[in-house]
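To start, the structure under review is shown below, and the notes come after it.
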Amino acid sequence: MKRPDFDSIKDYEEFSRYYWYREELIQICKAHGLKSDGSKIELNHVIEAYFSGEKILPEKPRKSRASKNTVKELSLDTGLLECGFTFGNRFREFFSKQTGEEHFKFHVDMVATVKEVKARGDESFTLGDLLDIYYGKTTYAKYDKSALQWNRFVKDFCEDEATRIYENRLKAAAALWKIVRDSDREKVYSHKLLEEFRDHLKRLYISEN
């Protein structure tokens, strides 16, 4: 089933059958005067509300009164916005000391949380709260793992020995992904999928050895 244009879709259930890139969701929200920032999960929520008759409008940005230069010493009680948090060395070293991890790395849920805190202008959120996110004690915002569907698809495609017949495997994977993306099929690769659309790939002039 080919993916229809957004404006011809009747309800959220129909909308959910198809794959949409985050950039496409942003454009849809902007075109309809809706809140257009956030993760794919958040944008899908905005669109779900839209189909229910509710318009979630763009938020006006709130500026923090604090300057990142006002905080000399960091502590677990320091506000994330107050200290002008970044993912740079200063904060990596701070969390390294807190966790005992010599080579500390911010994980994806921490990145999603910081983005959301800044988007909301949440001045109550502290570095200690972010440490709780690291340890999985609390949840503030989750990384949108659906964004990795394409990466998983192309990885599985290339691991299939049968795809070695294609001179340009990435191009072949992209052509097959487009079929899946624009349909209500499950967004995963399988050898059965390759067999089903082998002739279609040939018609796209993908060279074979």
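All of the numbers you see were taken from the coordinates with simple rules; none came from a lab. What you see is a predicted model, and the numbers here were worked out from it, not measured in a lab. Cβ atoms come from the backbone with ideal geometry, glycine included; neighbour counts cover every protein chain shown.
Values computed for the structure shown
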read-out: Highest-MSF residue in the chain out of L80, L193, L176 [GNM, Cα springs under 10 Å]; value: L193
read-out: Gained length - D11 relative to A31, 0.36 nm times residue gap less alpha-carbon distance; value: 5.5 nm
read-out: Computed [θ] at 222 nm, helices only, for the chain once each DSSP H run of length n ≥ 4 contributes -39500 (n - 2.57); value: -13000 deg cm²/dmol
read-out: Positive-end residue of Y18, S8, L81, charge dipole of the chain with Cβ unit charges; value: L81
read-out: Max mean-square fluctuation residue, GNM over the chain, Cα-Cα springs under 10 Å, options K40, K115, K192; value: K192
read-out: Most mobile listed residue (E59, E123, E161) in the chain, GNM with C-alpha springs under 10 Å; value: E161
read-out: The chain - charge dipole about Cα centre, Lys and Arg +1 at Cβ, Asp and Glu -1, debye rounded to 20; value: 540
read-out: Cα centre as origin, Lys/Arg/Asp/Glu Cβ charges: segment 146-203 dipole, Debye; value: 220
